[in-house]
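Trainee: Can you read through this structure? Questions will come right after.
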Amino acid sequence: MPHEPYIDACLRLAKEAWGQTHPNPMVGAAIVEDGRIVAQGYHAKAGEPHAEVQTLRALGRLPQKGARLYVTLEPCCTQGRTAPCTQAILASGIQDVVIGCLDPNPRHQGKGVDLLQQAGIRVTVGVAQRACEDLNLIYNHWIVHQRPLIAVKWAATLDGYVATRSGHSQWITGPQARAEGARWRRLFPAIVVGVGTLLADNPALTARGDSPGCDTLYCPRRFIIDTHLRCLQTSKEYTVLSDTYATCLVTTQDAEASRLPPGVELWRLPSDAQGRVCLKSFVQRCTQEGLVGLLFEGGPTLISALLAQVGWDYLFAYQAPCFLGDPQARPALSGQAPETLGAAFTLQDPHITIHGMDVLVRGQVFSGAF
Ligand code: AOF
Ligand code: ZN
């Protein structure tokens, strides 16, 4: 039996904790004896046992001779909040370990594999590697750079517009693509929008459950970037300011905040050269707060400023099968002026999926200019 189906099963297990393990990775594991999965487990939450330990515990006995451990991520080999998994694997006597991908954590990268091999264990690395790496796109960035993954999401027409000239934008993509967008929202600990998006669309910035029969409302931390606190200057009610979930308004030192709605947090940050909220300062503050990933969901003004001032790490670009043909319509992005295609921004090894009639292209952003 090839390894892939077992690692695929471990990937499905790992996703049981979708968005719940920050700052740790999602990890799934299984023990196979005579071709059959006899125990399985996943990492549920930082501070709780790792996937390998969960799986060995679930087995409730020592593995048989010839048993094989499958795990989506290289086992850890140092003491953290929990004891090293390599220790538990050695103690179990298991002789064969199959790993999806190496752990980018410098404390563990390659070292877990070395330790197991030195103990005489047969180790196979790189089964369904791309999917195993993709599973932890936020963790992979945080553990290496120690700052949040800055991700941007847009939903655009084939000719790259996110709204008509009058601002009409709901809905460009269909229900399946929007459900996929909600699924990614559940992965991120924070969502960020500009005040323009709030005033135009009054989004709730929540996400319904994506598994069948699950309709629990999930709400990440919601940030509204609002230099002049315009959202407090109208009599209109906005969902994010009046519902029971956490919202934070991000503004500058001198914006007037006379009547802050109850429960709404306020961050006052330095201004940039144009007097707007300094986005570098915002990302720094988020780093201090331990927010491992920020999903910027628009609008064009905010994400254009973000690209110019801070840069992006990741893009989720949804594309609907329609076009406007109107240069006065609102483009997804502006402010860049590459002279040649060599200077274009590119997505590295993008993942391309179809959701209903819409396409999602997502991947790590690289600037041709660098
Ligand atoms: C694994 N399996 O299920 C997880 C791993 O503080 P700790 O003890 O939870 O350790 C966190 C580190 O352990 C984390 O940065 C990553 O390198 C690894 N996470 N490793 O083998 C798991 N969650
Ligand atoms: Zn571990």
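Trainee: Mind checking which of CYS85, CYS248, CYS322 has the largest fluctuation in a GNM of the chain, springs on alpha carbons under 10 Å?
Mentor: CYS322
Trainee: For region 25-141, what size does the Cα cloud have along each of its three principal axes, sorted from largest down, in whole Å?
Mentor: Projected onto its principal axes, the Cα set of region 25-141 covers 38, 27, 26 Å.
Trainee: Tell me which of VAL113, PHE223, CYS101 sits at the most positive position along the dipole axis of region 98-234, charges placed on C-beta atoms (Lys, Arg +1; Asp, Glu -1).
Mentor: The Cα lying farthest towards the positive end belongs to PHE223.
Trainee: Each label point is 7 Å from the Cα along the Cα-to-Cβ direction; what then is the distance between the points at ARG230 and TYR218, in nm?
Mentor: Modelled inter-label distance: 3.1 nm.
Trainee: Another question, then. Placing unit charges on C-beta atoms (Lys and Arg positive, Asp and Glu negative, everything else neutral), compute the dipole magnitude of region 147-366 about its Cα centre in debye, rounded to 20.
Mentor: Magnitude of the dipole: close to 280 debye.
Trainee: At a 1.4 Å probe, what is the % contribution of carbon and sulfur to the accessible area of region 4-136?
Mentor: Values: 2820 of 5900 Å².
Heavy-atom surface of region 4-136 belonging to carbon and sulfur, 1.4 Å probe: 48 percent.
Trainee: Would you kindly state how much longer the chain becomes between GLN328 and ALA246 on full extension, computed as 0.36 nm times their sequence separation minus their alpha carbon distance, in nm to one decimal? Don't skip to the answer; put the middle values down first.
Mentor: On the way: separation 82, 0.36 × 82 = 29.52 nm, distance 3.58 nm.
Contour length minus Cα-Cα distance gives 25.9 nm.
Trainee: Where only protein heavy atoms count, and the probe is 1.4 Å, what is the accessible area per residue for region 147-366 in Å²?
Mentor: Values: 10620 Å² over 220 residues.
Here the per-residue accessible area is 48 Å².
Trainee: What does the accessible area per residue of region 4-136 come to in Å², with a 1.4 Å probe and no ligands, DNA or RNA counted?
Mentor: On the way: 5900 Å² over 133 residues.
That works out to 44 Å² per residue.
Trainee: With label points built 7 Å along Cα→Cβ from the Cα atoms of GLN170 and ARG259, find their separation and express it in nm.
Mentor: Here the modelled spin labels are 2.4 nm apart.
Trainee: Here's something else I'd like to know. Tell me whether the chain comes out rounded, prolate or oblate; compute the Cα gyration tensor, take square roots of the eigenvalues as a ≥ b ≥ c, and use a/c under 1.5 as the rounded threshold.
Mentor: Numbers: a/c = 2.11, a/b = 1.87, b/c = 1.13.
Prolate is the answer for the chain, as a/c is 1.5 or above and a/b outweighs b/c.
Trainee: By a straight-distance test (C-alpha under 27 Å), which lysines pair with LYS236 as possible cross-link partners, with residues fewer than eight away in the same chain excluded?
Mentor: Straight-distance partners of LYS236: LYS153.
Trainee: How far is it, in nm, from the label point at THR78 to the one at GLN118 when both lie 7 Å from their Cα along the line to the Cβ?
Mentor: Distance between label points: 1.5 nm.
Trainee: PRE reach from VAL144 (point 7 Å along Cα→Cβ): which of region 303-335 fall under 13 Å by backbone N?
Mentor: 313-314
Trainee: Right, here's the next one. How many angstrom separate the Cα center of region 339-370 from the Cα center of region 274-299?
Mentor: Result: 22 Å between the Cα centres.
Trainee: Leaving ligands, DNA and RNA out of it, report the carbon-plus-sulfur percent of the accessible area of region 147-366 at a 1.4 Å probe. Please list the in-between numbers first.
Mentor: Working: 5640 of 10620 Å².
Its accessible area is 53 percent carbon and sulfur atoms.
Trainee: To continue, here is another question. Would you please state which residues of region 310-343 a label at THR239 would reach in this model, taking the label point 7 Å out along Cα→Cβ and a backbone N cut-off of under 20 Å?
Mentor: Correct set: 318.
Trainee: Right, here's the next one. Explain nothing, just the number: relative contact order of the chain, from Cα pairs under 8 Å at least 6 residues apart, as a whole percent.
Mentor: Details: 773 pairs, mean separation 55.4, N = 370.
Rounded, it is 15 percent for the chain.
Trainee: Output the relative contact order of region 1-141, whole-number percent, from Cα pairs under 8 angstrom with separation of 6+ residues. Provide the component values of the computation, followed by the final result.
Mentor: Numbers: 300 pairs, mean separation 30.6, N = 141.
Relative contact order comes out at 22 percent.
Trainee: Relative to the Cα centre, what is the charge dipole magnitude of the chain, using +1 at the beta carbon of each Lys and Arg, -1 at the beta carbon of each Asp and Glu, and rounding to the nearest 20 debye? Provide the component values of the computation, followed by the final result.
Mentor: Details: 32 positive and 32 negative charges, 114 e Å.
Using only the charged Cβ atoms, the result is roughly 540 debye.
Trainee: Springs between alpha-carbon atoms under 10 Å, Gaussian network over the chain: tell me which of ARG208, ARG107, ARG61 tops the mean-square fluctuations.
Mentor: Result for the chain, Cα springs under 10 Å: ARG61 fluctuates most.
Trainee: With a 10 Å cut-off between alpha carbons and a GNM built on the chain, which of THR340, THR173, THR244 moves the most?
Mentor: Of THR340, THR173, THR244, the most mobile in the Gaussian network model is THR340.
Trainee: Taking amide H atoms as placed 1.01 Å from N in the peptide plane, list the residues 5 or more away in sequence, or in a different chain, whose amide H sits under 5 Å from that of VAL98.
Mentor: LEU69, TYR70, VAL71, THR124
Trainee: To continue, here is another question. Along the Cα-to-C-beta direction of ASP349, a point sits 7 Å from the Cα; which residues of region 301-337 have their amide N less than 19 Å from that point?
Mentor: Within reach of a label on ASP349: 313-317.
The values are calculated or read from the model by the stated rules, or taken from the named source; none is laboratory data. In this text the structure is predicted, and so the values were computed from the model without any measurement. All Cβ positions, even for glycine, are placed from backbone atoms using ideal geometry, and neighbour counts span all protein chains on display. Calculation scope for accessible area: heavy atoms of the full protein, side chains included, ligands and nucleic acids excluded. Shrake-Rupley method; radii C 1.70, N 1.55, O 1.52, S 1.80 Å.
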